[in-house]
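The values are calculated or read from the model by the stated rules, or taken from the named source; none is laboratory data. Keep in mind that what you see is a predicted model, and the values were worked out from it rather than measured. All Cβ positions, even for glycine, are placed from backbone atoms using ideal geometry, and neighbour counts span all protein chains on display. Quick note on the areas: whole protein, heavy atoms, side chains included, nothing else; ligands and nucleic acids left out. Shrake-Rupley method; radii C 1.70, N 1.55, O 1.52, S 1.80 Å.
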Amino acid sequence: MEDIPDNAPNHCPGTKSEEAGKADACAGCPNQKLCSSGIGQKVDPDEALIKEKLSEIKHKIIVMSGKGGVGKSTFTAMLSHALALKEEQEYTSDNLCVMSIGFLLNSPEDAVIWRGPKKNGMIKQFLKDVDWGNLDFLVIDTPPGTSDEHLSLVKYLSSSPNTGAVIVTTPQEVALLDVRKEITFCRKVNLPIIGVIENMTTFKCPKCSVSLAYFIINVNIGFKSQCILMDSTVLLLAQVETRIFPPTTGGAQSLTEEFGIPFLGSLPLDPNVAKACDEGHNIIVESPELPVCKAVLNITEGK
Amino acid sequence: MGKETASNWQFFLLLSGKPLEGVGEAILVLSGKGGVGKSTVTVQIASSLKMLGHKVGILDIDLCGPSIPRMVGVEGCDVLTTPDGKWIPVSVNNDKNFSVISLAFFLDSKNDAVIWRGPKKNAMIKQLLTNIAWDVDYLIIDTPPGTSDEHISVMENIRDCPVKGAVLVTTPQMVAVDDVTRELTFCRRTGIKVLGIIENMSGFVCPNCSECSNIFATGGGQKLAEKYSVPFLGKVPIDPSLTKCLETGESYLERFSQSEGSKIMKNVAECFTKKEMEVDA
């Protein structure tokens, strides 16, 4: 009964039913007017068109997260670069094309101050009117949350084959809280989850490397940051890693175990990535030796 | 949402009061970008105002990703109702001077998702603005990222209320600053005063070598403030002890009162409580 909103009044007849907006239970519901107008029963003629169009695209990956600023767009960009690389062995920028509302704004200051219905119209247009052609992969970057944008996307994509969601999170519980909601969302709308990626797991200070002895002294005088206890031989050589966003509840890995979904890997926090994103550089091709790029390439291989 | 709250929902619709009753002044915390630390800044501003002796409340209108309850250590609490049907904010640490309201209190489990389109979110926000029994000097309103339904609804509903203005939060890198520029446009279009910009996650001091790494670059927020002539409230560095406090719900300002971040937040609070503020230079 997916047409019954999850916090609808008791005995809600469902937004697509003939009784919508007219049943006794509808009295006082904020959506009563909308339902009784019969809008829920109409079938959107574009829906079939979009589905047909999208069926030409081999794989559709939706990058999501309940939380903002965890790296959805960054991961989307890196994943797309990595996929373009993988498909043609040798990377050419021709393999990658982008559509964004950013192209449609007059100036970078322009704000898109839209309520839901207008946003939904735009999303539909992106799927229907953009000439995507014969893509191997369509990677869709989404805003945080579980609202209009997500519902609209899923409406058009969920029944299309080879569609799945990659969920990005950071290790701390405050982020995982929102990601739990995103997983619940995917389950409710029957969107398959490809897996979860933990971003910003560790940070290696580029300026220091320490010996084990020094490390132990530091711990004893009560440093606030949690340094990861690795194999001591490794530690002698390694730079100290700090967990800026501490995984107080076990991070993404234990979350994926709890929900029984795949854990795809974790990415370190690397200032080079932020810099590459600011300048629009393709860090995957320019510095494939960085641990963060290796991690993205590994995740891409796995798919 | 459970059955009980669903029926409450209908009940409360009949009782729409005036928005923000019992609130001295409201301060909005906004950012075009997600994950820059809006909720973190909200909690820090609220606790520093409280430490200055004011009665403070937090209203969390991030409906899809409410994180305030966890950050102040009241996750899983229940909201009580007054005899005339208003919701009573949840006190933090049984402190009558610090209370919060968030949609998270109304969810049955922390896995529950709020899968709502705009109209429903707008109705909920109206409820949250009109049906809370506040008794506070300052109400800090934490918002979701963006310039959409939630923001438009809040602005519409609080038009005639005493609103001090908005604090914009950004991180230093250009990708974030771009989004915050859009939020500035939103503030100007809706006529809300910008109290200032906070640059969060500005630099990280390695606990081992004390060298500062600018993980997300630096100075972006400051430049933005200069460009649009709005006050710059300070650079808050990345501090793992802050993230840890927010995970466990401890008060960072009390435990790490000498840290850089705490000092900036205290300054910001003092600056807000001055009668004549140096705003709109």
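Structural descriptor for chain B: relative contact order 24 percent, calculated from alpha carbon pairs under 8 angstrom and at least 6 residues apart. When peptides B:68-78, A:59-69 are ranked by their average number of other Cβ atoms within 10 Å per residue, the highest-first order is A:59-69, B:68-78.
Axis of helix B:3-13 versus longest Cα principal axis of chain B: the two differ by about 90°, to the nearest ten degrees. Going by accessible surface with a 1.4 Å probe and the largest first, B:K110, B:K274, A:K53 read B:K274, B:K110, A:K53. Burial of accessible area (probe 1.4 Å, heavy atoms of protein chains only) in the stretch B:204-236, relative to its chain alone, reaches at least 40 Å² for B:F204, B:P207, B:N208, B:S213, B:I215, B:F216. With respect to chain B, whose longest principal axis is taken over its alpha-carbon atoms, helix B:118-130 is tilted by about 90°. Averaging the sequence gap over all C-alpha pairs within less than 8 Å and six or more residues apart, then dividing by the number of residues, gives the stretch B:109-190 a relative contact order of 28 percent.
Across the protein chains, with a 1.4 Å probe defining accessible surface, the residues A:D129, A:D136, B:D160, B:D108 rank B:D160, B:D108, A:D129, A:D136 from largest area downward. For the protein assembly as shown, the solvent-accessible area with a 1.4 angstrom probe is 43 square angstrom per residue. Normalised by the number of residues in the stretch B:153-196, the mean separation of alpha-carbon contacts (under 8 Å, six or more apart) gives a relative contact order of 49 percent. Would you work out what percent of the accessible area of the stretch B:23-272, with all protein chains in place, is carbon or sulfur (probe 1.4 Å)? Exposed carbon and sulfur together represent 47 percent of the surface.
As a check on your grasp of the helix formula, calculate [θ] at 222 nm for chain B: sum -39500 (n - 2.57) over DSSP H runs of n ≥ 4, divide by the residue count, round to the nearest 500. Intermediate results must be reported in sequence, preceding the final value.
Working: 10 runs with 103 residues, N = 281.
Calculated at 222 nm, the ellipticity per residue is -11000 deg cm²/dmol.
For chain B, the cysteines with no partner cysteine C-beta closer than 4.7 Å are B:C64, B:C77, B:C161, B:C187, B:C212, B:C245, B:C271.
In what sequence, highest mean first, do A:15-28, B:199-212, A:169-182 appear when ranked by Cβ atoms within 10 angstrom?
Working: A:15-28: 16.1, B:199-212: 20.3, A:169-182: 25.6.
Result, highest mean first: A:169-182, B:199-212, A:15-28.
So how much accessible surface do A and B hide from each other in total, probe 1.4 Å, in square angstrom to the nearest 100? All intermediate terms of the calculation are to be shown ahead of the outcome.
On the way: alone 17440 and 13510 Å², together 25050 Å².
For A against B, buried area totals roughly 5900 Å².
Placing dummy labels 7 Å off each Cα toward the beta-carbon, the span from A:T249 to B:E211 is 3.6 nm. Residues of the stretch B:79-117 whose accessible area (probe 1.4 Å, heavy atoms of protein chains only) drops by at least 30 Å² once all protein chains are present, relative to their chain alone: B:K110, B:N111, B:A113, B:I115, B:W116, B:R117. Using the Cβ-Cβ distance between A:S55 and B:D78 with R0 = 60 Å, the FRET efficiency computed as 1/(1 + (r/R0)^6) comes to roughly 0.80.
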